[in-house]
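A.B. asks: I am attaching a structure below and will ask some questions about it afterwards.
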Amino acid sequence: MSSKGYTLIEFVMVMIVVSVIGVIIMSILSSTLRGTKKTNVISSIRISGNQAITQMAKLIRFAKKFEGVSESGTINTYVLDCTQTVIGPTPTPTPVAYKYLKFKAEDDGQIIFTCDDANSTIASNTASLIDTDIVKVADNNCWFTCNQDRVTTNPVIRVYFELRQAGDSTFPESQFSIPFETSVVLKNLVK
């Protein structure tokens, strides 16, 4: 007896094999696309963070006058003396994390860097240094510290912030932050 067609069992087996192959191909494509997305997210965060920290470091390094750091940014709260008192053989104290840094630039214009936690950005005279459509400061992770050996030495300003992708993505490849940090000595300080 010759049969000119496929049986139902043969047809079902072919469908199962094709489905398994399809699932394998889809998972490979999905992981490749997610890896590409992660690479793109990392790249955009790094570009934005590097631009911001380079611009800040350059402006701080060549500032004419250090006008202080502050936790609140109000007029009479800026601290000019960044020396830390160490009593006895205790370890070096943890520097205070400030949200505002004020100095006079090379062109005599006043610049105030701000860690704006409310808007998740870093600002220079209220203008954001990062593209907040692409990245944002990660959960209050932005501050400045100031340190001096003596009142007569130039202060060392440390800038720290972490950036993450803007928006509330639920994908794991978008749920990470990248830290940026630099320490800058004011070179052109006029006393």
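A.B. asks: Find the strands (runs of 3 or more DSSP E) located wholly in the range 115-184 whose residues include 1 or more that are β-branched (V, I, T), crowded, with 16+ Cβ neighbours inside 10 Å and more than 10 Å from the chain's Cα centre (by Cα), and list them.
C.D. replies: It comes to 135-147, 156-165.
A.B. asks: Return yes when S48 is closer than 26 Å to V137 by Cα, within 24 Å of the chain's Cα centre (by Cα) and either surrounded by 15 or more Cβ atoms within 10 Å (Cβ to Cβ) or basic (K, R) (or both) and no when it is not. Quick ask: steps written out before the conclusion?
C.D. replies: Values: closer than 26 Å to V137 by Cα: yes; within 24 Å of the chain's Cα centre (by Cα): yes; either surrounded by 15 or more Cβ atoms within 10 Å (Cβ to Cβ) or basic (K, R) (or both): yes.
Here the answer is yes, as S48 does meet what is asked.
A.B. asks: Further, regarding this structure: Filter the range 142-171 for residues that are polar (S, T, N, Q) and touching a Ser or Thr at 6+ places or on another chain (Cβ under 7 Å); which is farthest from S183 (Cα to Cα)? Steps first, please.
C.D. replies: Pass one, the range 142-171, residues polar (S, T, N, Q): 145, 147-148, 152-154, 165, 169-170.
In the following step, the residues that additionally are touching a Ser or Thr at 6+ places or on another chain (Cβ under 7 Å) were identified as 148, 165.
On the way: Q148: 12, Q165: 25 Å.
Of everything passing the filter in the range 142-171, Q165 is farthest from S183 (Cα to Cα).
A quick yes/no check of all residues on (1) of a type in the set (V, I, T); (2) touching a Phe, Trp or Tyr at 6+ places or on another chain (Cβ under 8 Å):
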{"site": "S43", "(1), (2)": "no, no"}
{"site": "D81", "(1), (2)": "no, no"}
{"site": "Y98", "(1), (2)": "no, yes"}
{"site": "I130", "(1), (2)": "yes, no"}
{"site": "C142", "(1), (2)": "no, yes"}
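Every number in this text was worked out from the coordinates using simple rules, so none of it is lab data. Source: prediction; values computed, not measured. We place every Cβ from the backbone using ideal geometry, glycine too, and count neighbours over all the protein chains shown.
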